[in-house]
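Below is one structure, written out as structure tokens, with a few remarks after it.
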Amino acid sequence: MPGTTVKTEAIVLRSIRYGEADRILHLYSSARGRVNAIAKGVRKPRSRFGGRLEPFFRLDLVLHEGRSDLLTVTNVATVEGYPRLRASAPALNAGARACDAVLRLFDSSEANRPAYNLLCRYLAILDEPEPGRAAGLETALSFRLKLALAAGFSPELGACAQCGELDHLTGFSGAAGGVVCAACEAGSFPLSESAHRFMVDALAKPLAEAPEAVELDLRQVERAVGETLEHHAHVQLRSAA
């Protein structure tokens, strides 16, 4: 039975050597969500795909879908290679952690355009001539908060996640999925007012305008996002630092 041709734009999240000359690719696509594919013969010196099937590349792909769980890459065109990102160790590290977060959080073949656009935007600001704060923890955590929102697991920040109280929000509970008030703080950890404000502002502002915060607040924010995803998405992310 003949297979199907799939055309989609995608970001390479991970590229793994396979056999003598092939690569297994974990992709996040605009049209199909998570896609796993094989690029046959790509590691041969005369491969027509060149070095484009590497992490962070944004590609226009033509894939063959047959009986295997792996689609086969049949044609590739580069949309963006993010060359400056690859030349900066901080940006490279931030990009790798972002791709890993998408890989862990999104395993569905259903398209999620906001998540795809968010990853493209993050890689683009990491590719700027001077990435600066873009490669720092503030932007990385803003990315994770927005990614959790795109996945449907954004923490409750407007009221106590247990009782709905609007005031005296002094803690955060991953199990409850958000901030909690003093009366409901059992099992929570302290969340400073400034850390709470960072989370609200990070969701409201564009990624390139991530709010500033001190390290203690950022650690609280990372813990809040991490525990929310562990309890509700059953996903454990690598450290954002």
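Values quoted throughout were computed directly from the atomic coordinates according to the rules given, and no laboratory measurement underlies them. Quick caveat: nothing in here was measured; it's all calculated off a predicted structure. Glycine gets a Cβ as well: all are built from the backbone with ideal geometry, and neighbour counts include every protein chain shown.
Which of these, Thr228, Thr139, Thr170, has the largest mean-square fluctuation under a Gaussian network model of the chain (Cα springs below 10 Å)?
Thr170
So how strong a dipole does segment 88-232 carry about its Cα centre when Lys and Arg Cβ are +1 and Asp and Glu Cβ are -1, to the nearest 20 debye? Write down the numbers at each step before the final one.
Values: 11 positive and 20 negative charges, 66 e Å.
So the magnitude is around 320 debye.
Normalising by the residue count of the chain, find the relative contact order in percent from Cα pairs under 8 Å and 6+ residues apart.
In percent, rounded to a whole number, it is 16.
Answer with one residue from Leu70, Tyr122, Ala21: the one whose Cα lies farthest towards the positive end of the charge dipole of the chain, charges on Cβ with Lys, Arg +1 and Asp, Glu -1.
Value: Ala21.
Let me check against my output: what whole-number percent is the relative contact order of segment 145-241, with C-alpha pairs under 8 Å and at least 6 apart? Intermediate results must be reported in sequence, preceding the final value.
Details: 142 pairs, mean separation 26.7, N = 97.
Reported as a whole number, the value is 28 percent.
Near Lys7, which lysines are there with a Cα under 21 Å away, not counting those fewer than 8 places off in the same chain?
Answer for Lys7, where 21 Å is the Cα cut-off: Lys40, listed by chain and number.
Counting other beta carbons within 10 Å of each residue's own, what order do Val180, Val225 fall into, fewest first?
Ordered from fewest to most neighbouring Cβ atoms within 10 Å, Val180, Val225 come out as Val225, Val180.
Using Cα positions and a limit of under 13 Å, work out the aspartates and glutamates in reach of Lys44, with same-chain residues fewer than 8 apart set aside.
Hits, sequence-local ones excluded: Glu20, Asp22.
Rank Leu149, Leu103, Leu166 by mean-square fluctuation in a GNM of the chain with C-alpha springs under 10 angstrom and give only the top-ranked residue.
Among Leu149, Leu103, Leu166, the largest mean-square fluctuation in the Gaussian network model of the chain belongs to Leu166.
Any chance you could give the angle, 0 to 90 degrees and rounded to 10, that helix 89-105 forms with the longest Cα principal axis of the chain?
90 degrees
Among Val102, Val79, Pro155, whose Cα sits farthest toward the positive end of the charge dipole of the chain (+1 at Cβ of Lys/Arg, -1 at Cβ of Asp/Glu, about the Cα centre)?
Val79
Report, in debye and to the nearest 20, how large the dipole of segment 1-86 comes out about its Cα centre when Lys and Arg carry +1 and Asp and Glu carry -1 on their Cβ.
Roughly 260 debye, rounded to the nearest 20.
Take the alpha-carbon positions of the chain, form their convex hull, and give its projected area averaged over all directions (one quarter of the hull surface) in nm².
The orientation-averaged projected area of the Cα hull of the chain comes to 14.2 nm².
Could you tell me how many degrees, from 0 to 90 and to the nearest 10, lie between the Cα long axis of helix 215-232 and the main elongation axis, the longest principal axis, of the Cα atoms of the chain?
Helix 215-232 sits roughly 70 degrees off the main axis of the chain.
Check the straight Cα-Cα distances from Lys146 and name the lysines below 18 Å, setting aside those fewer than 8 residues away within the same chain.
Candidates past the 8-residue exclusion: Lys205.
Cα axis of helix 137-151 to longest principal axis of the chain: angle in degrees, 0 to 90, nearest 10?
Once rounded, one gets 80 degrees.
Scale the Cα Rg of segment 4-83 by the rule-of-thumb value 2.2 N^0.38 Å and send over the ratio, two decimals.
The reported ratio for this selection is 0.98.
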